[in-house]
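Note sheet for the following structure.
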Amino acid sequence: MLWFPVKKIRKQFKLLLLLVLLTFAVWFTYLHISLVRQGKALRLHFAYGRVLNQSEV
């Protein structure tokens, strides 16, 4: 029976997952800041049932 270092693999997997999440957070923040500077940030419109014209969006 082969022996796998399960604890070491779990620790490395947690570190890898943390690294991926941090990378995504940094990328998303950079993207949002660049879009805000261009004036193209995602704007949420709360219409509450009324239809918006294209000029309002």
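Things worth noting here:
- Checking each residue in region 1-30 for being part of a helix (DSSP H, G or I) and surrounded by fewer than 10 Cβ atoms within 10 Å (Cβ to Cβ) picks out Val6, Lys7, Lys8.
Quick grid of which residues meet (1) modelled with pLDDT of 80 or more; (2) among the basic types (Lys, Arg); (3) over 20 Å from the mean Cα position of the chain (by Cα):
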residue	(1), (2), (3)
Leu2	no, no, yes
Leu19	yes, no, no
Tyr30	yes, no, no
Val36	no, no, no
Lys40	no, yes, no
His45	no, no, yes
Gly49	no, no, yes
Leu52	no, no, yes
Glu56	no, no, yes
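The values are calculated or read from the model by the stated rules, or taken from the named source; none is laboratory data. Note that the structure is a prediction, hence the values are computed from the model and not measured. Here Cβ is always computed from backbone atoms with ideal geometry, including for glycine, and neighbour counts include all displayed protein chains.
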